[in-house]
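Before any comments, here is the structure.
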Amino acid sequence: MKTRSRLLALAGLTAVGALAQMSQPMVGENTTKISDHVWAIMGFPNIAIVVGNRATLVVDTGMGPKNGSTASRVAAKLAPGAQRLFLTTTHFHPEHAAGEPGFPPATILIRNSVQQREMDQHGQEIMDRFSRNSEQNKQLLAGVQLRTPDVTFDREATVDLGGVTVRLLWFGEAHTKGDELVFVEPDRTLISGDVVQNKTMPNISDSGGTPSTWLAVLDQIASLNATHVLPDHSAPGDGSLVAAERSLISEIRTRALALKRQGVSVDDAGKQVSADLKANAAGFVRSVYAESQ
């Protein structure tokens, strides 16, 4: 219990840092090597670049075409001889997907069908919402028109980059309904989107899953036995991040349900759990209450 409590107490520290990054949506060109074939542009969000000997895969785009252009330029520098460029997105939110128009026209865009359905239903709505957050966001997202993917898949797609096999996976609903996991097999590197973070409070978006479905997704992720994990909005780490994420979500859920059984209101429960964990858990507590109606 003491170890878990320390984990939960630390959870809010990185959450604050991630929120601060939202005011700095421009991605740079510096990269961090995550594993043998995986590099990352660390920012909002972390953009992964997976390099094979025949092709390159970029995971996520940055917010708007200007950032997408930067990501594609960095990918070209890492793999100057690559014959093909693939792009996929972990979910439909603008900082992850709205940079697509900045990629070269021949880029092969792949996305799971649930995520694409969310994009069709809510993509413009959430871009409009992000545009209202700041003048910079408004400029980055001005006039963005997103194309349909070249390839969609239901549960899994495999991309052969030449010497590197990448699995694109949809395990179910978590942060959003269409969360996509990317697993680089020779490296055992998981690019986890918002589903597995590092000392960061979980958050279910307006059109997302439930605490129970998120836990079910994490159980499937655990079977991958990842060695390296690259989250979207926090620092990379090792495979233990998967179990830590499950422990964090399970703990919040257990505490919230206990308070609900005692008749505590959702607002008061959010305050109490947040105080106990020294992090803002109110949003996730609200999701627990909503699911248990």
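Out of the residues in the stretch 192-215 that are among the β-branched types (Val, Ile, Thr) and within 16 Å of ALA256 (Cα to Cα), state the one that is most open to solvent (accessible area, probe 1.4 Å). Can you show your working first?
Step one: filter the stretch 192-215 for residues among the β-branched types (Val, Ile, Thr), giving 195-196, 200, 204, 210, 213.
This time we only want the ones that are within 16 Å of ALA256 (Cα to Cα), so: 204, 210.
Numbers: ILE204: 25, THR210: 41 Å².
My answer is THR210.
Restricting attention to the stretch 225-235, and to residues there that are open to solvent by 10 Å² or more (accessible area, probe 1.4 Å) and of a type in the set (A, V, I, L, M), which single residue is farthest from PRO45 (Cα to Cα)?
The extreme case among them is ALA226.
So ARG6 passes all but one of these: (1) at pLDDT 95 or above; (2) on the phi < 0 side of the Ramachandran plot; (3) charged (D, E, K, R). Which condition number does it fail?
ARG6 satisfies all of (1) at pLDDT 95 or above; (2) on the phi < 0 side of the Ramachandran plot; (3) charged (D, E, K, R) except (1).
Every residue in the stretch 123-151 that is under 12 Å from ALA98 (Cα atoms), in contact (Cβ under 8 Å) with a residue 40 or more places away in the chain and assigned to a helix (DSSP H, G or I), please.
Correct list: PHE130, ASN137, LEU140, LEU141.
Working only within the stretch 152-180, note down all residues that are over 25 Å from SER212 (Cα atoms), open to solvent by 10 Å² or more (accessible area, probe 1.4 Å) and in a loop (DSSP other than H, G, I, E, B).
Scanning the stretch 152-180 gives a single hit, GLY163.
Being within 21 Å of LEU168 (Cβ to Cβ), touching a helix residue (DSSP H, G or I) at 6+ places or on another chain (Cβ under 6 Å), buried (at least 24 other Cβ atoms within 10 Å of the Cβ) and not aliphatic (A, V, I, L, M): is that true of GLY64 here?
Details: within 21 Å of LEU168 (Cβ to Cβ): no; touching a helix residue (DSSP H, G or I) at 6+ places or on another chain (Cβ under 6 Å): yes; buried (at least 24 other Cβ atoms within 10 Å of the Cβ): yes; not aliphatic (A, V, I, L, M): yes.
Answer is no for this residue.
Can you tell me how many residues in the stretch 114-151 are open to solvent by 80 Å² or more (accessible area, probe 1.4 Å) and closer than 18 Å to GLY178 by Cβ? First the steps, then the outcome.
Just the residues of the stretch 114-151 that are open to solvent by 80 Å² or more (accessible area, probe 1.4 Å), to begin with: 117, 120-121, 124-125, 129, 132-133, 135, 138-139, 145, 148, 150.
Filter again for closer than 18 Å to GLY178 by Cβ, leaving 117, 120-121, 124-125, 129, 148, 150.
So the count comes out to 8.
Quick check on my filter: what residues within the stretch 83-106 are in a loop (DSSP other than H, G, I, E, B) and without any contact (Cβ under 8 Å) to a residue 40 or more places away in the chain? I'd like the intermediate steps shown before the answer.
Residues of the stretch 83-106 that are in a loop (DSSP other than H, G, I, E, B), as a first pass: 83, 89-93, 98-99, 103-106.
Across the stretch 83-106, the qualifying residues are GLN83, GLY99, PRO104, PRO105, ALA106.
The values are calculated or read from the model by the stated rules, or taken from the named source; none is laboratory data. What you see is a predicted model, and the numbers here were worked out from it, not measured in a lab. A quick note on method: Cβ atoms are made from the backbone with ideal geometry, for glycine too, and the neighbour counts reach across all protein chains shown. What goes into the accessible areas is simple: the full protein's heavy atoms, side chains included, and nothing from ligands, DNA or RNA. Shrake-Rupley method; radii C 1.70, N 1.55, O 1.52, S 1.80 Å.
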